[in-house]
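Since the structure comes first, as structure tokens, the remarks are kept for the end.
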Amino acid sequence: MHEMALMAGVFEIISRYTADFPEKRVTKVTLVVGEMTNAVPEALEAAFEVYANSTNVEGAELVIKEIPLLARCTECGREGRIEKHMFVCPACSSLSMEIKSGRELYVDSLEVD
Ligand SMILES: [Zn+2]
């Protein structure tokens, strides 16, 4: 499962942030997840539970902010959402599309108690 690998990276970041205060518990984790990562929110939640088990993150709320895949045509400048990974400009049929957003995967915020 692809999401397990993504979540491994997320927990590396969390453990780096919480290393200085190991007695604290993480209560909320907000993740920014771009559409292009192909991560399924339900699978991310399941992976989160697995990694949080028996750590200071156990029981924390996971909030997922999904970022749509947007691209800009370098030929005509049209900007829009890419559906089904079809990197073709709907205005001029150019294949020269520059990705503006959707590749993100990072920890946006952590709340500790
Ligand atoms: Zn175009």
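The values are calculated or read from the model by the stated rules, or taken from the named source; none is laboratory data. Quantities reported herein were computed from a predicted structural model and do not represent experimental measurements. Every residue, glycine as well, gets a Cβ built from its backbone with ideal geometry; the counts of neighbours run over all protein chains shown.
With (1) part of a loop (DSSP other than H, G, I, E, B); (2) more than 14 Å from the ligand (Cβ to nearest atom); (3) surrounded by fewer than 16 Cβ atoms within 10 Å (Cβ to Cβ) as the list, and residue 65 as the residue in question, which single condition is left unmet?
(1)
Here's the yes/no breakdown for (1) loosely packed, with under 14 Cβ neighbours inside 10 Å; (2) part of a loop (DSSP other than H, G, I, E, B):
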| position | (1), (2) |
| --- | --- |
| 71 | no, no |
| 83 | yes, yes |
| 87 | no, yes |
| 94 | no, yes |
| 99 | no, no |
| 108 | yes, no |
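Can you work out which of the residues in segment 14-34 that are in contact with a Leu (Cβ under 9 Å, 6 or more places away or on another chain) and of a type in the set (A, V, I, L, M) is farthest from residue 108 (Cα to Cα)?
Top of the filtered list is 26.
Checking residue 107 against (1) within 16 Å of the ligand (Cβ to nearest atom); (2) touching a residue at least 40 places away in the same chain (Cβ under 8 Å): exactly one of these is not met. Which one?
Just one mismatch for residue 107, condition (1).
Can you tell me which residue is farthest from the chain's Cα centre (by Cα) among those in segment 72-86 that are hydrophobic (A, V, I, L, M, F, W, C) and within 11 Å of the ligand (Cβ to nearest atom)?
Per the criteria, the residue is 76.
Return a yes/no flag: does segment 65-78 have any residue that is at positive phi and among the charged types (D, E, K, R).
The answer is no, given that none of the residues of segment 65-78 is at positive phi and among the charged types (D, E, K, R).
For segment 18-37, how many residues meet the condition of being exposed (fewer than 15 other Cβ atoms within 10 Å of the Cβ) and modelled with pLDDT under 95?
Total satisfying the criteria: 6.
Has segment 45-52 got at least one residue that is among the small types (Gly, Ala, Ser) and in a strand (DSSP E or B)?
Looking for residues that are among the small types (Gly, Ala, Ser) and in a strand (DSSP E or B), one finds none in segment 45-52, hence no.
If residue 112 satisfies all but one of (1) surrounded by 14 or more Cβ atoms within 10 Å (Cβ to Cβ); (2) without any contact (Cβ under 8 Å) to a residue 40 or more places away in the chain, what's the number of the condition it fails?
It fails just one condition, (2).
Answer yes or no as to whether residue 28 is free of Cβ contacts under 8 Å to residues at least 12 places away in the same chain and either in contact with a Cys (Cβ under 7 Å, 6 or more places away or on another chain) or basic (Lys, Arg) (or both).
Answer is no for this residue.
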